[in-house]
Amino acid sequence: MLRLKPFSIFLDEGTNLGSGELGKPNSKTGEARTDILRKLIQAKKPLELVKGGSVVVGDIDGAMKAIDQYEKDGSIFALLDTKGNSIKITQLKKSAPFGGGGSGAGGGTIQTAIAESAQCVWNVAMLDLGVATPIDDYTDEVLTKAFSKVDVGKTSLKEVLGIDDAWKNSAYLSAQLLIKEGYIKKGMTFHRDSKLMKSIYAAKNVAFKNNDFPKFTDDKWNPGDIWAVAPNFDIKSLNTATVRGLQKSILENFVNRTCVGISLKKIVKKAKAKELNVELPPDTDDYKVIKAAAKAIKSGRGDIWSSKGGTIQYDDGYLMVKDNSAYGSIKAEIEGKTARGGGVGWGYIKDSAKQTLRLVLPEVKTIARAAKKIAKGDKKESEKMFKLMAQVEGTTQKEFDQNIKTKKGDWIHAKLGTLYMIAAVEKFGGRKTNRWITKLINYAGSKTEDSSAYVKIYE
């Protein structure tokens, strides 16, 4: 096995759990970070510190109560280690179990860029050496030569050579499968954040504008982390007159292996490949809503006041509704049996509600303004929120008045956005609601009627 000194940027130092990060789900698994923290503490596992080292929580009962309280009001708390020392949550590192960097390359934007760029380099190197070449033969000299044949934006050779053994193994196994399955061939160039790659997504913007469609996020249209391009591919050949025309162009190039979008996941033992959106229009899944609530459904813990988010349960999992940041976009994250971790922002939630329900949901800034007013005691806005909450959860005026006084503006903002969404689900119900939620789930999983062809490499 190769023994390379890990490049320092992979340590992801300075990223702590804090209040904001702990309240978000693991971006890779969709699991709530508060639940992850509970499991680690109960199992007496070491918790990594931002400044290095680790601690084991000694007061487990106290920690469970503190986490429960955090889920109610979002306040920062401290834990007691086995020596009785107080460790603030801001001192804990957002390490690998929480979806952070750890020693791998998937913990953040920079690390992700390096891992994906490294895959481009390994693809070239393996096409030169052959799939049967042992991993130990991929020396720095070999990889340096391959680096000259890729276009990976600002990622440097030093960063690519600095990935650890686990990511080298992933790049090796992924490249083997891509070659064996015929997705990449000798003579192709590999792109990550290059001018050509940006041009492909720019073509998408033109097509959507020509169709007068709402803006569509790049990775939801095609989540290709890297693109493999043959010498005869011409970016100008893409049909941008309509969304369907562009879908057809991308699919033709995908089938002919002249321009292939590749989505990457970390591989440990065996790589698998799955083609998505290779039918016109793309074949999408259908889902049915089971129930919705402005509180936790899956765990069964707490009530409408103990969590600022909500849940929409459907036949294959859950959509967890919450704020992305204080007074920021409201979003829904998938936590399901098969699809985990995908998300959809308020912009698409709002656009799809208008399309399927003929319902105009308020803008995020409108919700934020109302929340700030409610936090200051504004009667008019408070009455609007009470009516929504009473409609969704059946709360009383007395209960509302008592509890709303204890909540900060950002909590009210998240809950108010959640209430608008849950109220819409309950109001319309049936076929219309199922169609709306189906659109959100498929969008979160990059599998919509407007998405384009790509291959996913996964474990």
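See the values below:
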item	result
Total formal charge among the other residues, if their Cβ is under 13 angstrom from that of I184, Lys/Arg +1 and Asp/Glu -1	+3
Those residues of segment 179-218 whose amide nitrogen sits under 15 Å from the label point placed on A230, 7 Å along Cα→Cβ	182-190
Within the accessible area of the chain (1.4 Å probe), percent carbon and sulfur	50 percent
Cα lying deepest toward the dipole's positive end in the chain, options I367, T34, T82, charges on Cβ	I367
Charge sum, other residues only, whose C-beta stays under 11 Å from C120's C-beta, Lys/Arg counted +1 and Asp/Glu -1	-2
Cut-off 12 Å between beta-carbons: net charge of the residues surrounding R431, Lys and Arg +1, Asp and Glu -1	+2
Cβ-derived FRET efficiency at R0 51 Å, T139 paired with T242, nearest 0.05	0.60
Approximate spin-label separation K291-D218, in nm, with each point projected 7 Å along Cα-to-Cβ	4.2 nm
Prolate/oblate/rounded label for segment 259-298 (Cα gyration tensor, a/c 1.5)	oblate
Additional length obtainable on full extension of the chain from V360 to K83, 0.36 nm per residue less Cα span	94.2 nm
Convex hull volume per residue for the chain, taking Cα atoms only, in Å³	148 Å³
Surface accessible to a 1.4 Å probe, R369 within the full protein complex, Å²	130 Å²
Value at 222 nm in deg cm²/dmol, rounded to 500, when DSSP H runs of n ≥ 4 in the chain each add -39,500 (n - 2.57)	-13000 deg cm²/dmol
Probe 1.4 Å, protein heavy atoms only - accessible area per residue of the chain in square angstrom	47 Å²
Length gained when the stretch K185-Q313 is fully extended (0.36 nm per residue, less Cα-Cα span)	41.7 nm
Full-extension gain in nm, E275 to D61, via 0.36 nm per residue minus C-alpha separation	72.3 nm
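The values are calculated or read from the model by the stated rules, or taken from the named source; none is laboratory data. Everything numeric here is computed off the predicted structure, so don't read it as measured data. In this analysis, Cβ positions are derived from the backbone assuming ideal geometry, glycine residues included, and neighbour counts consider all displayed protein chains. Areas reflect the complete protein model, heavy atoms only, side chains present, ligands, DNA and RNA absent. Shrake-Rupley method; radii C 1.70, N 1.55, O 1.52, S 1.80 Å.
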